[in-house]
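Structure first, commentary second.
The values are calculated or read from the model by the stated rules, or taken from the named source; none is laboratory data. Values in this document were obtained by computation on a predicted structure and should not be read as measured data. A quick note on method: Cβ atoms are made from the backbone with ideal geometry, for glycine too, and the neighbour counts reach across all protein chains shown.
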Amino acid sequence: MTELSSSLQQTKGLCVETIAMSHPSSPPPTGLAAKGAPSRAASTTAAAPPPDDLPEPSTTQELHLAAQRGDLETLYRLLDHPTDRTVTASDPDDQGITALHWAAINSHILFAKALLERGAEPDVRGGELDATPLMWAARQGHLAVVHLLIKYGADPTLVDSQQFNALHLAVHSSSAFLVAYLLNTLQPLAVDSQDPEGHTALAWACYQGDAISVELLLRAGADVLKTDHAGLTPLHWAVTKGNATCIRRVVQAGADLVARTNEGKTAREMAAELKSLPAYERGLQEAGLDPRDGRKEDLPFGDRPSAAIFVVAFVAFGAMFETFALLAWYTSLILVGAEAFAMHHVVSRVILGVRPASGKKHSHGHGHSHSHGHSHGHGSERVTKSGYLCAIIAASLAWVFYVWLSRFVLQLSGYSVTSLAFALLFLLCAYNFFRAITLDPGTIRGPVGGSEELKEVVEELVERGEFNGINFCLTCMVRRPLRSKHSFATDRCVAKFDQLSRLLFLFYCPWVWNDVGANNHRQFLLFVASLVGGVLLFARLTWAYFYEKAPDLAPDAYCPALVPALICTATKYDPFAYAVAFWACLQLTWTGILLGAQLWQVARQMTTLEVSNVGRYGYMGGKPASVGASSQFGAAVAAAMTPAGTATPDPASLAHAPKPADKDGKFAYLLKLLGLDRFTSRGKAISGLAHATRGDVVNPFDLGIRTNCVDFWTRGSELGVEYERLYEIPAGGFRRAMTDRRKSVSSVSAAAAAAAGTPGSAAAAAVKDSPASGLVGLLAGMKRKMRGYERVPLSEV
Ligand SMILES: [Zn+2]
């Protein structure tokens, strides 16, 4: 095994060295060959321009230096106004490296474009590895440059002297968006092409632990069973890295668990050797397999355990209330705790088959940083996804209803109105609970993978410099609308996603066993509101019930000094009803906070996520602070992608392309790009609420409480948007878009009325109610740039 891994280490090492070697930030161009081939060292030192004793650099060298700096003025001077010295755009140095190589590896996109426009050959080979500029750019993950080169006819299927094609190199760069771009815009692409040792791009991605690239490659049809020349499958390589997510993905894609390397080792044996067995077992388990033998896990209720969970929760809650009724409170507390634990055990271990995490002590240091970032184990993930909490709510509702039916309806005579109101609220609550669960929350759907439409979407975003995690979801392969969010619980993007967890300081709390988004938020709010109202009425009925029915305490009965007498009589008279009412009232704490926060957010047109963004960054969404440099780069990309001649590049502003953000900021930006930022900071909701309350934040969606509430209720038709397809904010803001739309509607209807000679009101109403017309009006007013829904520093407001 050590041999195998060292062989790959060597390859990898070579590749890393080449990057370091050809990276301009280390030594300037002349250092390149000196570090590379010793045989050429003499000639390169000759070419290098030591300060004094040699003639000034040749024009070719001057052009190459300008390419490294992105110095467009020099390019114009050398190529557009040639003096006596002659140089062309594709003049190579003695290693075959051209200015285009340097522009490509440094991501100087305008410079590269200027060279290509002046006849630079896109597929020219040069350097140590006999590579094209496309390969240099791909190795660095410079997506926009790769796209530009391909647009100018570069061939992405070529291989360098190491037999790496653009896809291999993109995987090496760990740039998932570049991998996604190549896989979705180029067809046919040799996904399974092998380097000299037989490694496919998938094997490389597994070795590097790039879970997203692994998934992209698998979705593009990469062969999960392909072995390299040492007999290692991608699963073996994933085990080498010890990244559970990669292991899970290849296992789910049908990896052969018992495939043996040429040395006769299975992936499991290799994992044991490399001490990555915990990751291997976790990967198997997350894929729904038995971590020990890799067989499909045999769960008693299969993949649909929800009914069983509900029954268990219902019975367990009944038992807990009954325990409380039968025993003294101090004894019952212990027993109730035991019963709750038993319920949890039955649901998680028996029904859902969650096993205790094994070997946790050994798991650190092995690809943990790359794994999904869940602070809880995979077991709790399975529990939260199962609808368990939803079953607890449903069971509680059922017992409350039982108590109401068995006690209050039959025995309480003077409270028929309250009782009826409770029944109505209960029905409303149950119905909206059901609807919130069953409705689609507003899943974002896009074109099918590999289709021409998807290719168009991807290319358009690349040309706008917006093919990144803020604007595109790699998991769903869809363009992200504003205010949408990828839900990790259900693995889909949801429009106007409302994340409820932060306010409750829980990691993920699927009370309704569904995401809450644009489409079911109304139902969710009604559910919470009717829950709060229902509990209050239930408490009122319970009080009346005990007040009227419970006999007074016997004079000699014991009642602790600080406890109201009514509680003593209640627990004596009907402890079961008392326990149910107590449990119901306990729910008032979180539901009350939730209802208040939700109403406030609806009135302010903010989602929970946006509130927490305000708390963290001082703006609602869109662009994180650390991308400032990058959005400038985006502008450069957009300029470069416009047809020749129309762009007027400003050398001063474009000479310095993306500045690397500081380490911390870069990391945060990376998380943001990958959509993982939600794992890093929590509990900022409160400061977000504080900022938003003070009005520190410009919210383009906020048009006053009345409009906000109407828009919430009509799912966006007040603003005239479909949240599933809202990518930009209209140029003049929503208020102007609304007035423009109204004007155009009224003029249309006036014209229609004049033409038809009928009263216009009916026609106007009809046009106004159709969301399509509103959308057309909005689209007409749209401009490229977002307004408002981007960084608004608190200090400037
Ligand atoms: Zn998504």
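Just one of the listed residues (ALA230, ALA259, ALA328) is of a type in the set (A, V, I, L, M) and modelled with pLDDT of 90 or more, namely ALA230.
Selection of the stretch 402-441 for residues being farther than 25 Å from LEU525 by Cβ and among the charged types (D, E, K, R) yields only ARG407. Look at the stretch 87-111: where a residue is crowded, with 24+ Cβ neighbours inside 10 Å and a partner is among the polar types (S, T, N, Q) and part of a loop (DSSP other than H, G, I, E, B), sitting 6+ places away or on another chain with Cβ atoms under 6 Å, you get THR98/SER90. For beta carbons closer than 9 Å, sequence separation of 6+ or different chains, a first residue in the stretch 579-607 that is crowded, with 16+ Cβ neighbours inside 10 Å and a second that is basic (Lys, Arg), the qualifying pairs are THR607/ARG483; THR607/LYS485; THR607/LYS496.
Within the stretch 700-720, the set of residues being touching a Pro at 6+ places or on another chain (Cβ under 9 Å) and more than 20 Å from VAL611 (Cα to Cα) comprises THR714, SER717, GLY720.
So which residues in the stretch 545-578 are crowded, with 17+ Cβ neighbours inside 10 Å and either of a type in the set (Gly, Ala, Ser) or assigned to a helix (DSSP H, G or I) (or both), if there are any at all? Passing the criteria: TYR545, PHE546, ALA550, THR569, ALA570, THR571, PRO575, PHE576, ALA577, TYR578. Candidates are the residues of the stretch 509-526 that are of a type outside the set (S, T, N, Q) and part of a loop (DSSP other than H, G, I, E, B); the one that is modelled with the lowest pLDDT is CYS509.
Each residue in the stretch 490-501 was checked for being aliphatic (A, V, I, L, M) and within 10 Å of the ligand (Cβ to nearest atom), and 1 pass.
Taking the criterion of being surrounded by fewer than 19 Cβ atoms within 10 Å (Cβ to Cβ), at pLDDT below 90 and touching a strand residue (DSSP E or B) at 6+ places or on another chain (Cβ under 9 Å), would at least one residue in the stretch 495-502 satisfy it? No, that holds for no residue. Filtering LEU333, LEU352 for residues that are of a type in the set (A, V, I, L, M) and either within 30 Å of ALA272 (Cβ to Cβ) or at pLDDT below 70 (or both) leaves a single hit, LEU352. If you filter the stretch 462-473 down to residues that are of a type in the set (A, V, I, L, M, F, W, C) and more than 8 Å from the ligand (Cβ to nearest atom), you find that the one that is surrounded by the fewest Cβ atoms within 10 Å (Cβ to Cβ) is ILE470. Looking across the stretch 476-489 at every residue that is assigned to a loop (DSSP other than H, G, I, E, B) and near the ligand (Cβ under 10 Å from one of its atoms), the one that is nearest to VAL448 (Cα to Cα) is identified as MET477. Against the test of being crowded, with 22+ Cβ neighbours inside 10 Å, within 25 Å of VAL159 (Cβ to Cβ) and touching a His at 6+ places or on another chain (Cβ under 7 Å), the options ASP195, ASP228 yield a single qualifying residue, ASP228. For the stretch 436-448, the count of residues that are in contact with a strand residue (DSSP E or B) (Cβ under 9 Å, 6 or more places away or on another chain), among the aliphatic types (A, V, I, L, M), modelled with pLDDT of 80 or more and within 16 Å of the ligand (Cβ to nearest atom) is nonzero. In the stretch 464-485, the residues that are closer than 17 Å to VAL146 by Cβ reach residues that are near the ligand (Cβ under 8 Å from one of its atoms) with C-beta atoms within less than 9 angstrom, at least six apart or across chains, in these pairs: PHE472/VAL478; PHE472/ARG480; LEU474/GLY675.
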